[in-house]
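Read the structure below first, then the notes.
The values are calculated or read from the model by the stated rules, or taken from the named source; none is laboratory data. Remember, it's a predicted structure, so these values are computed and weren't measured experimentally. As a convention, Cβ positions derive from the backbone with ideal geometry for all residues, glycine included, and neighbour counts pool all protein chains shown. Just so you know, the surface numbers come from the protein's heavy atoms only, side chains and all, with ligands and any DNA or RNA stripped out. Shrake-Rupley method; radii C 1.70, N 1.55, O 1.52, S 1.80 Å.
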Amino acid sequence: MSAETEGDFKKYISKVVSNGFTTLAVGLGSRLGLFDVMASMDEPMTSQEIADAANLKERYVIEWLGAMVTAKIVDTNSSSEKFIIPKHRHGSLVSAGLLARAVTVLPTTQDDVINCFRKDGPNGISHDKLVHHYEWLSSFKKNEYDNTKMQTLVRQVTGLENLLETGVEVCDIGCNTGYHLNILAKLYPRSHFVGVDINTDAITEAQKENHSGNATFEIQDAYNLPSDWSEKFTYAYVSKTIHDLAYPEKALKEIYRILRPGGILSLIEVNVHSKAGDNMAMPAAQSTYVFSLYHCVPSVLDYPGGKALGACWGREAAAAMLSELGFSKVQVFDIPNQPKEVHITGHKPHSQ
């Protein structure tokens, strides 16, 4: 048992709640472009100068600056008339700001989530009420990976890079706007890449952004991929999609079907364990449980019999599901410099 006292916990919980208020302001600053404006400053500027540069009203900027100064994110001079963000904080604020935006978006469905909790309430929340969530997810995922990170994932699987360099068929299931697939297509021009998603708007944007001659995007249902795709692909890539599906086993069986014998599946998931008590030191756990509560679970439970794995279903459960569905050589890789995600791989056996 912990030796924690009532006073210790009081200080702790007060800090947790206070940080929540700060996160709200960080997300607001990111959405309004205030951090971008301040990152471009070489010298401290007044609140009016910052407001003018961001095309915002000064009075609101003053209040936001107060929150940022007291949170030790923005520095000010002794008279509190000029403000600046030191350059060493800029990079961290880009990623932190994108994550904090979720805190400004999730409350839009707070009443719906409360109703879902109640025994006589609905099971889940319909897709049309989660539009802002999906918009945030799309913008957040676009900034997760670059060429180096994608190449790191590929090189974790023995022989995969050689296959991609030689030229094979690749499918990205749940590709959204194609951010990961486009990187892979540019890295490995001899391979052909197909991105699929059920979201019409996402595929439309992916098609607009597609500048690779070796990549195509299609609207497809992960539960019912084209019948003539059986054993077509050598590599399947799925990034943080399976836990958001109402019927994950059905989708994974389809992925298994479209893979050639010996084909490889890469599953990117949140880097957490399957039991909450094992996640005390996992950096993604706290925020992911909350996001899953507001988005992943209710979005899936809106479907009859939805499994609702949740974003924190965990590396152990994910690996076990692949093994149960027939994938062999299942491995779990930590991703260098990406501690909040985990790479789980499996192979379709040569002999059935």
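So the values come out like this:
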| quantity | calculated |
| --- | --- |
| Estimated dipole of segment 61-195 in Debye, rounded to 20 [Cβ of Lys and Arg +1, of Asp and Glu -1, Cα centre] | 320 debye |
| Longest to shortest principal axis, alpha-carbon extents of segment 1-130, angstrom | 56, 47, 26 |
| Top positive-direction residue, dipole computed over segment 114-153 with Cβ charges, set Asn147, Asn123, His133 | Asn123 |
| Tail fraction, Cα-Cα pairs, the chain, threshold 30 Å, whole percent | 45 percent |
| Dipole moment magnitude, nearest 20 debye, the chain about Cα centre, only Lys, Arg, Asp, Glu C-beta charged | 540 debye |
| Helical mean residue ellipticity (222 nm; -39500 (n - 2.57) per DSSP H run of 4+; nearest 500) of the chain | -13500 deg cm²/dmol |
| By average C-beta atoms within 10 angstrom, highest first, the peptides 60-71, 112-123 | 60-71, 112-123 |
| Simple Cβ-charge dipole of segment 190-245, Lys/Arg +1 and Asp/Glu -1, about Cα centre, in debye nearest 20 | 260 debye |
| Rg to Rh, two decimals, where segment 146-203 supplies the alpha carbon set and Rh follows Kirkwood | 0.98 |
| Net charge, Ser292 excluded, C-beta distance under 14 Å - Lys, Arg +1, Asp, Glu -1 | +1 |
| Descending semi-axes in Å of segment 223-304, equivalent ellipsoid built from Cα gyration tensor | 29, 17, 8 |
| Solvent-accessible area per residue for the chain (1.4 angstrom probe, square angstrom) | 52 Å² |
| Rounded to 10°, Cα long-axis angle of helix 58-70 versus longest principal axis of the chain | 80 degrees |
| Alpha-carbon radius of gyration plus Dmax, which is the widest Cα pair, for segment 57-175 in Å | 21.8, 64 |
| Cα gyration tensor shape of segment 266-325, rounded if a/c is under 1.5, else prolate or oblate by comparing a/b with b/c | oblate |
| Segment 56-197 - percent of accessible surface contributed by carbon and sulfur, probe 1.4 Å | 52 percent |
| Hydrodynamic radius of segment 307-352 per Kirkwood, over alpha carbon pairs, in Å | 11.7 Å |
| Formal net charge of residues neighbouring His347 (Cβ-Cβ distance under 13 Å; K, R +1; D, E -1) | +3 |
| Over 23 Å (Cα to Cα) - which of Lys57/Lys208; Lys149/Lys275; Lys15/Lys119; Lys275/Lys307; Lys57/Lys82; Lys186/Lys208 fall in this group | Lys57/Lys208; Lys149/Lys275; Lys15/Lys119 |
| Charge context of Thr46, other residues only, Cβ under 10 angstrom, K/R +1, D/E -1 | -3 |
